[in-house]
Amino acid sequence: MLELDRVRAGYGAINVLWDVSMRAQAGQLTAIIGPNGAGKTTLLRAVMGLLPVTGGEIRLDGGRLDGTPTWHMADHGLAMITEDRLIFRDMSVEENLVMGAFHPSHRAHVKPRLERSYRMFPRLRERRAQLAGSLSGGEAQMLAMARALMSEPRLLIVDEPSLGLAPVIVNEVFETLERLKAEGRTIILVEQNTERAIGIADHVYLMQSGRIVLSQRAAEVDLDHVSDLYFAR
């Protein structure tokens, strides 16, 4: 579905990604793991058009995606949940969710998708009229996930969903990802919790210093070997 072929990208004169090639198959959860500074978030930003690709290609279903402005990614069925969630703090929970279906092609489906969001995250129903800025970290993560799903994305990109959350909330986040995977959704997950990410993934990529150093089916991953690569031993 999504393919990166020898992609290079970075920030101005500083290159971060060095000839990164990877593939996310339709209907699967692809996990990207690696230490801080490995280039994981940079890779996601390049996919979403937030950073220019200076080399290589990004393709979606065979067609070129690199060069597409970020504001047109929804037209291609992409949605990204950033690590800082970026909810609209001065808007209510429900207003945030409605913004997730802002694109004209989705507005007719707002009501049933709101109801689906509330079924998936019952706490959001309880707080539907509450300002998003008053939510806990876990509730804000639920809101960010539900808002992204309001556009019914073909490809859901999730960046560090467990960051800064209590263990019980982390469990809820991963249970939600497992449910979404069971529905047949295509997901790219960047996650620092290596063992949890591998546990729900179909395929795993390990990044180190802007390069892919391991590409393997999740069921075949050796955690000891990953640890050695992770710390460059």
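The values are calculated or read from the model by the stated rules, or taken from the named source; none is laboratory data. This structure is a prediction, so every number in the text was calculated from the model and none was measured. Because the Cβ atoms are built from the backbone with ideal geometry, glycine has one as well, and the counts that use them run over all protein chains shown.
Which is farther than 19 Å from residue 71 by Cβ and either at pLDDT below 90 or in a helix (DSSP H, G or I) (or both), of 116, 107, 147? Show your work before the answer.
Values: 107 fails: farther than 19 Å from residue 71 by Cβ; 147 fails: farther than 19 Å from residue 71 by Cβ.
It is 116.
Scanning the stretch 46-96 for residues that are farther than 30 Å from residue 123 by Cα, among the small types (Gly, Ala, Ser) and in contact with a strand residue (DSSP E or B) (Cβ under 7 Å, 6 or more places away or on another chain) gives 46, 55, 56. For residue 199, the conditions (1) exposed (fewer than 15 other Cβ atoms within 10 Å of the Cβ); (2) at pLDDT below 90 all hold with the exception of (2). When each of 51, 44, 78, 60 is tested for being touching a Phe, Trp or Tyr at 6+ places or on another chain (Cβ under 8 Å) and in contact (Cβ under 8 Å) with a residue 12 or more places away in the chain, the lone residue that passes is 51.
In the set (1) under 19 Å from residue 1 (Cα atoms); (2) of a type outside the set (Asp, Glu); (3) out of contact with any Leu (no Cβ under 7 Å at 6 or more places or on another chain), the condition left unmet by residue 76 is number (3).
Exactly one residue out of 36, 96 is polar (S, T, N, Q) and either within 17 Å of the chain's Cα centre (by Cα) or surrounded by fewer than 16 Cβ atoms within 10 Å (Cβ to Cβ) (or both): that is 36.
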